[in-house]
Amino acid sequence: MKVLRITGLALLLMAPVAAPAAEPVNLMLNWAPTADHSPFYYAKAQGWYEKTGIDLTIEVGKGSGVSSLKVGSGGSPFGIADLATMLVARSKGADVVALMSIYANTGQTFYWLKSYGVDGAKTFPGHKIGNPPGDASRVMWPAFAKAAGIAPDAVTFVNVGPTAKIAALKSHTVDIISDFYNEHDLKVIEFGSDLGFVNWKDIGLNPYGNSLIVNGAYLAKNAKLAEDFVRISQKAFAACVADVAPCLKALLDQASGLDKENQERQWERIKFLMTDDFTTSKALGWIDPGRMQKDYDLVQTYLGMERPFAVETAFSTKLLDPSVKMDASKVKK
């Protein structure tokens, strides 16, 4: 009878090799999760981040200012923030860099009821605008007024909470409200043909909106992980543009209190906000240097920079996959 001898080396070679532990990575959202965050939930549910060694946690945010400061201080490696807000945070010492635009077009929009005597931005003077005190559209109002050709002090601002805007407009507490374009359909449903609106892009103001940001020191130490994170996120956004149903399912499975139909309508608007000449030709998520300089100048003029810096140090497109582009054919006209 033959005896099979197995050496210690053979046993070692035959033993299963444990997969390397995934790196815990936190992504802080700009606000509570909605349709524009669904690609991150989808990619996580598909295991795409995990396959590259990323153990992703998605943290609910409390505004772009909070996420910019937390990422900038190293409290979270990645975050989502409005780029103008991120630029202000960087001027205050936050170590933060933008890696990918989500809203290539601004979502800032003013809404009114035609029956209140408002017919475009030229007729804003003498009317009341409702929004929260720290609302970006109120802070940047002088820029809008200049572009629209009206005096900055020609309107009165009224403090209205984010969830009370539609009610304030309906009750005529205010004549105009500001809101993001991805919430457009809720107002169409509420007010129908009496609704009027102007997106800031329509009067020549188009700063970048929500974007993926990273802590600068973390990026320097974890370049490959950051590249993997960006490219998986790009891939996820492209997949959701092609078919949003599984993406919204992944979102709704993790975020309670969301209406599926409202999120579907929001996604249609979000695709419009994602689309410009650069995201369709260069790469989905592309950030253009020329536009970034204009955004910097806009912020410098109306918000101020505590410590000015070279704008090219505040963003990078090097981690984007140029083969992944925004599909403009999926955007409803």
_Unique match (being assigned to a helix (DSSP H, G or I), among the β-branched types (Val, Ile, Thr) and under 20 Å from the mean Cα position of the chain (by Cα)) among Thr279, Thr317, Thr301_ = Thr279
*What number of residues in segment 149-176 are touching a residue at least 40 places away in the same chain (Cβ under 8 Å) and surrounded by fewer than 20 Cβ atoms within 10 Å (Cβ to Cβ)?*
2
*Ser76 is checked against (1) over 21 Å from Gln234 (Cα atoms); (2) assigned to a loop (DSSP other than H, G, I, E, B) and fails just one. What number does that condition carry?*
(1)
_I'd like to check something: does segment 34-51 contain any residue that is touching a strand residue (DSSP E or B) at 6+ places or on another chain (Cβ under 7 Å) and not in a helix (DSSP H, G or I)?_
no
*Which residues, taken from segment 178-213, are outside any helix (DSSP H, G or I) and out of contact with any Ser or Thr (no Cβ under 9 Å at 6 or more places or on another chain)?*
Leu195, Gly196, Gly204
*Test Thr279 against the criterion of being among the hydroxyl-bearing types (Ser, Thr, Tyr) and surrounded by fewer than 17 Cβ atoms within 10 Å (Cβ to Cβ), and give yes or no.*
no
_Restricting to segment 57-73, and then to whatever is assigned to a helix (DSSP H, G or I) and among the hydroxyl-bearing types (Ser, Thr, Tyr), can you tell me which residue is nearest to Asp36 (Cα to Cα)?_
Ser64
*Name every residue in segment 320-333 that is free of Cβ contacts under 8 Å to residues at least 24 places away in the same chain and in a helix (DSSP H, G or I), in order of residue number.*
Ser329
*Starting from segment 101-121, keep only residues that are under 27 Å from Trp286 (Cβ atoms), then list their pairs with residues that are among the basic types (Lys, Arg) and not in a strand (DSSP E or B) whose Cβ atoms are within a distance under 8 Å, requiring at least 6 positions of separation or different chains.*
Asn105/Lys201; Thr106/Lys201
*Only residues that are surrounded by 18 or more Cβ atoms within 10 Å (Cβ to Cβ) and either of a type in the set (A, V, I, L, M) or within 24 Å of Trp31 (Cα to Cα) (or both): list them for segment 177-196, please.*
Ile177, Ser178, Asp179, Phe180, Tyr181, Asn182, Glu183, His184, Lys187
*asked:* Among the residues in segment 234-257, are any polar (S, T, N, Q), over 22 Å from Ile54 (Cα atoms) and crowded, with 21+ Cβ neighbours inside 10 Å?
replied: no
*Would you call Ala147 at pLDDT below 95 and either of a type in the set (S, T, N, Q) or within 14 Å of Val198 (Cβ to Cβ) (or both)?*
yes
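The values are calculated or read from the model by the stated rules, or taken from the named source; none is laboratory data. Only a predicted model underlies this, so the values are computations on that prediction, with no experimental measurement involved. Cβ: placed from backbone, ideal geometry, glycine included. Neighbour counts: every protein chain shown.
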